[in-house]
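The values are calculated or read from the model by the stated rules, or taken from the named source; none is laboratory data. This one's a predicted model, so the numbers in the text were calculated from it and none came from an experiment. Cβ placement follows ideal geometry from the backbone for every residue including glycine, while neighbour counts extend to all protein chains displayed. Calculation scope for accessible area: heavy atoms of the full protein, side chains included, ligands and nucleic acids excluded. Shrake-Rupley method; radii C 1.70, N 1.55, O 1.52, S 1.80 Å.
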Amino acid sequence: MARLPYVDPESVSSDVSEALGRVPPLNIFRMMANAETAFRPWLRWGAALLSELALDPLARELAILRVARLTPHAEYEWVQHVAIARSVGATEAQIAALERDDPEAEAFSAPERAVLAFTSEVVRDARASDATLAALGEILSPREIVELLMVIGQYMMVARVMATTHLELDEPVDPAALGAR
């Protein structure tokens with residue numbers, strides 16, 4: 001059971017209720033809607049991260065899954081993003097490697113391992129080492145690196161909301177319903 005209440009769309013402002021009507025009926029949206037004035041901007045931010053970045057969608061999803069695995073109690077994030085990762089090209093071998101905490105597995109290309117190493121350092125240490133950042137800079141532009149940092153930060157925050165509120169698991173949603181590309 002969640003430790004905070006989920007928003008009832010009929011008990012909030014019409015703006016928030018309408019926004020809830022435009023997204024899949026997932027517990028994460030119903031929980032985040034408690035922050036009424038921030039909810040709609042947060043939805044726009046999340047949509048931008050899932051559909052408008054120069055960052056490769058597979059790199060984005062591998063990073064999100066890595067954040068989920070490195071964050072205690074972030075099962076919800078993992079469950080939802082496995083389906084999205086598959087939809088953008090993640091293989092079963094890559095998903096299994098991340099699930100067993102093996103970001104160096106042969107299932108990943110060298111660029112993917114660089115993204116995962118960067119993600120791991122940022123989650124664990126709040127910053128990447130000079131060597132890790134330099135290695136990532138060989139394959140990603142400054143824009144893509146900052147976008148990756150935005151993705152990592154967003155999903156660290158969401159994971160902490162999920163963990164703190166004991167968000168109850170939903171069945172994975174169709175990635176198309178979220179506008180993920």
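Structure notes:
- Neighbours of Ser13 by Cβ distance under 15 Å: Lys/Arg scored +1, Asp/Glu scored -1, total -2.
- Contact order relative to length of the stretch 1-100, as percent, for alpha carbon pairs under 8 angstrom and 6 or more apart: 19
- Theoretical FRET efficiency, 1/(1+(r/R0)^6), r = Cβ-Cβ of Glu104 and Ser13, R0 41 Å, to 0.05: 0.30
- Sorted largest first, the spans of the alpha carbon positions of the stretch 100-181 along the three principal axes are 39, 28, 27 Å.
- Estimated distance in nm for a label pair at Ala126 and Ser51, the labels positioned 7 Å out from Cα along Cα-to-Cβ: 3.5
- Distant alpha-carbon pairs in the chain (separation over 30 angstrom), percent: 18
- From the Kirkwood radius over Cα pairs of the stretch 36-77, Stokes-Einstein at 20 °C and 1.002 mPa s returns a whole-number translational diffusion coefficient of 184 µm²/s.
- Working value for the stretch 1-89: equivalent-ellipsoid semi-axes of 25, 17, 10 Å, each the square root of 5 times a Cα gyration tensor eigenvalue, largest first.
- Mean separation of Cα contacts under 8 Å, 6 or more apart, over the residue count of the chain: relative contact order %: 36
- Rolling a 1.4 Å probe over the heavy atoms of the protein chains gives the chain an accessible area of 49 Å² per residue.
- Which of Ser17, Gln94, Phe29, positive extreme of dipole for the chain (C-beta unit charges): Ser17
- Distance between modelled label sites at Ala93 and Thr164, nm, 7 Å Cα→Cβ extension: 4.0
- Which of Val151, Trp42, Pro172, positive extreme of dipole for the chain (C-beta unit charges): Trp42
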